[in-house]
1. If I go through the stretch 563-600 residue by residue, how many of them are at pLDDT 90 or above, outside any loop (DSSP other than H, G, I, E, B) and not basic (Lys, Arg)?
2. Name the residues in the stretch 393-445 that are over 24 Å from Asp674 (Cβ atoms) and either touching a residue at least 12 places away in the same chain (Cβ under 8 Å) or touching a Gly at 6+ places or on another chain (Cβ under 9 Å) (or both), would you?
3. Out of all the residues in the stretch 130-149, is one or more without any contact (Cβ under 8 Å) to a residue 24 or more places away in the chain, part of a loop (DSSP other than H, G, I, E, B), among the hydroxyl-bearing types (Ser, Thr, Tyr) and farther than 30 Å from Gln198 by Cβ?
4. Does Asp641 satisfy the condition of being modelled with pLDDT under 85 and not in a strand (DSSP E or B)?
5. Checking Asp205 against (1) free of Cβ contacts under 8 Å to residues at least 24 places away in the same chain; (2) more than 43 Å from the chain's Cα centre (by Cα), only one condition comes out false. Which one?
6. Being within 29 Å of Ile170 (Cα to Cα) and surrounded by 10 or more Cβ atoms within 10 Å (Cβ to Cβ) narrows it down to one of Ser233, Ser244, Ser229, so name that one.
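The values are calculated or read from the model by the stated rules, or taken from the named source; none is laboratory data. Small disclaimer: the values here were computed from a predicted structure and weren't measured. Because the Cβ atoms are built from the backbone with ideal geometry, glycine has one as well, and the counts that use them run over all protein chains shown.
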Amino acid sequence: MATLAGTTIADTYDSLLHVEDNTAGLVDTATDSRVIQDGVGANSALALATDSVRITSTNKLYFNDVGGEHISGNGSILSIAGGNEIDLTATAIDINGTVDMSSTLAVGGDVTISASASTKPHFTITNTHGDGSAPQFIMKKDSASPADDDEVGRIYMYGDDDAGNPFESILIRGITTDVSNGSEDSRLEFLTYKAGAQVSTLALDSGAVGIGTASPSYRLSAEGTDAASSEISVRRNSNDVNGSLLGLRKSRGTSVGSSTIVANNDYVGQISFYGQDGTNDIEAASIRGYVNGSPGTNDMPGALEFRTTADGASSSTSQMTIASTGKLTVSPNISGDYAMFVNQGNSAGWGMRVAGGADNDDYILKCDNGSGNHKFSVKSGGHVGIGASPGSAMLFIDQDVNTTAFKIDGENTTTNCLTVEADALTSGSAGYFYSNSPSDTARRLFQIQNDNHADADATVCLYILQDGNSDTIQVTASDASYTNNIQFLQASGRSSSDAFKFLECYTGGDTDVQHKLRGDGVTQNRSGTFEAADYAEYFESKDGKVIAIGSTVKLDGDKIVACEDGDNPLGVIRPLNTSLVGNSAWANWGSKYLTDDYGSPIMEEYSVTEWMEDTDEVKTEEVKAQDGVEAKDAVLYKEGDELPEGKKVGDEKEAAVKGKDAVEAKAAVYKHKDIQYQTDKIPSDVTVPSDASVTSKEKDGSKLMRKKLNPDYDESKTYVEREKRDEWHIVGLLGQIPITKGQPVSSSWTKMKDVSDKVEMWMIK
């Protein structure tokens, strides 16, 4: 045992500690803590009990000898001071009260906050500083080897499904998409569940917003797989007339928020429609709004432009614009397609309606070729013009090119393709076909064609119903030197045959065919067929009385009488419509024209006087002049005018009427007709103009010739044709002719057979 150096142990061992008794220096009587004292009895900061260790409120429990790490308390607050870090390695740290931290909390593992209350737990961050700063929640990914698309933070929100399974209901995550120094990009992504799968609902990617996509290609991108997920809806709920607003705005300023006036033709907004070509989104169509005029304060004239992309193209072109004036312009860029197509379907009502102003001469619809050349127009008065202004015509077609002017392609089966009604017509024609062309080609003014179709054999090409007591068809060739056919019938693909007819005449009252001109040249009527079985001529009876048919006759001078026994007969009396008849003079007096001693007509020279005469019908009525535009007042070139190259008499010539004040220029263009008379037969009430032309030659240069009129001819008398007069008889002179039995016959005739008990068939030669 050691020996004491002093009177007490403390004197000998100055660093000796001992425990105070249980009555003096107690730190906490409730726990019976005993103060630890030094060798001279001075109290230390430490007190011990069987179940606790205590340090006085003014003292600290230090750890280590350098960093100052310690634990202290003042009766209400326990302070733990760590030099650089406080490391808690327990499996769980249970804090039942409020955690108050004035510095940084660094946690290397998970932090779980749990509560059973309905509205707990709360995670609150509060900043009480008086400036404008706010509390901060920082998530930091501190990697030694950062890479593109690294996640820098996640916020999870879990829930249970109805089977009690937890699932990641909501996920918010941050991603650095580009970690290149000076050009860093990042994305904040919101993921939700849809139909049992997690989908990207919202993404904020480098200043762009994606809805339904994590990689927005544009400032705002929305993607989906159905109507609901790919629809952007803006709805306003208010008890007024106002609706939702989508504003597309434009300023010429170069910084965000700048206010600089725009200029004419500036695009102020655009809505584009794209389709995927397998690699890229290609614009299919767009709607653009642009400034259409000079903008100013509270003055912004605007227009809309509609654009589409043609087949085979990769960019859109302008197709339709609505100008600031309200003018609609449609400009197709696809060859052969419609500029505008209105499909009314089967619904009732208007397919399209254009309402004009007053019932006047203003245009309510006008179409040109882009160079101002008139193509189609409708005036508010109901006048329609094709190729030119309609003037006073209800429908006017001006054909200036080598194409069909008017065509109807009817698919109707029981109705008319074209109906023309002129119930109030007093003069003129219901239809008028007019041509003043100088061409000598084989042109037709009117043509009807029925194609060779197997089911069209019974088709009538032209049907005319005459309910009035006048000519059903009247054909006039007014040219005094006419040399062609008045009527020409042709079976162009057929050889001579009795299988078809050139002409058939039918009386409906008795349902009989009266006359036929067959395709083999044979003429037929109700009495028989004219195949020249016998030839006959008209002769006048001497006594002017009727001679019985079948009787033989002889000449008495230049007239005939019935034969008596022993007479040598000339021929036999024939009935009408049985022979090929000569000397019939059915149209006029047989001596109307002079002949020579041999019966040849005597000819004489004559001339024709001709001129052009305007009608009262206006061809071109009005040509309106706009400001600074010339109005053309057209007239016709006449005989004696100086004709420019390519012009001829009858063509239109133009005289300019200039000036702003030329509101209307009356056009002196009238329809005209060609007037012709044989010079010596011009009616006394007709005035011949001074510019009339007189010709006495045919087109081939030969003289104009005509039959010389008999001075005894009286045109005032009505001519009765010979077949209707008793004194004229048809006498059969040659061929097979029936003769009444018992009539005198010639020795040169030959009996062929008995036709009946009264009539014999003879061959007259």
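1. Counting residues in the stretch 563-600 that are at pLDDT 90 or above, outside any loop (DSSP other than H, G, I, E, B) and not basic (Lys, Arg) gives 4.
2. Residues satisfying the conditions are Met394, Leu395, Val401, Asn416, Cys417, Leu418, Val420, Ala422.
3. yes
4. yes
5. (1)
6. Among Ser233, Ser244, Ser229, only Ser229 is within 29 Å of Ile170 (Cα to Cα) and surrounded by 10 or more Cβ atoms within 10 Å (Cβ to Cβ).
Residues checked against (1) modelled with pLDDT under 70; (2) among the aliphatic types (A, V, I, L, M); (3) surrounded by 12 or more Cβ atoms within 10 Å (Cβ to Cβ):
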{"position": "Ala24", "(1), (2), (3)": "yes, yes, no"}
{"position": "Thr31", "(1), (2), (3)": "yes, no, yes"}
{"position": "Leu46", "(1), (2), (3)": "no, yes, yes"}
{"position": "Asn59", "(1), (2), (3)": "no, no, yes"}
{"position": "Phe63", "(1), (2), (3)": "no, no, yes"}
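Conditions (1) more than 60 Å from the chain's Cα centre (by Cα); (2) surrounded by 15 or more Cβ atoms within 10 Å (Cβ to Cβ); (3) farther than 24 Å from Lys765 by Cα; (4) at pLDDT below 80, marked per residue:
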position	(1), (2), (3), (4)
Phe500	no, no, yes, no
Asp520	no, no, yes, yes
Thr523	no, yes, no, no
Tyr538	yes, yes, no, no
Gly544	yes, no, yes, no
Lys554	yes, yes, no, no
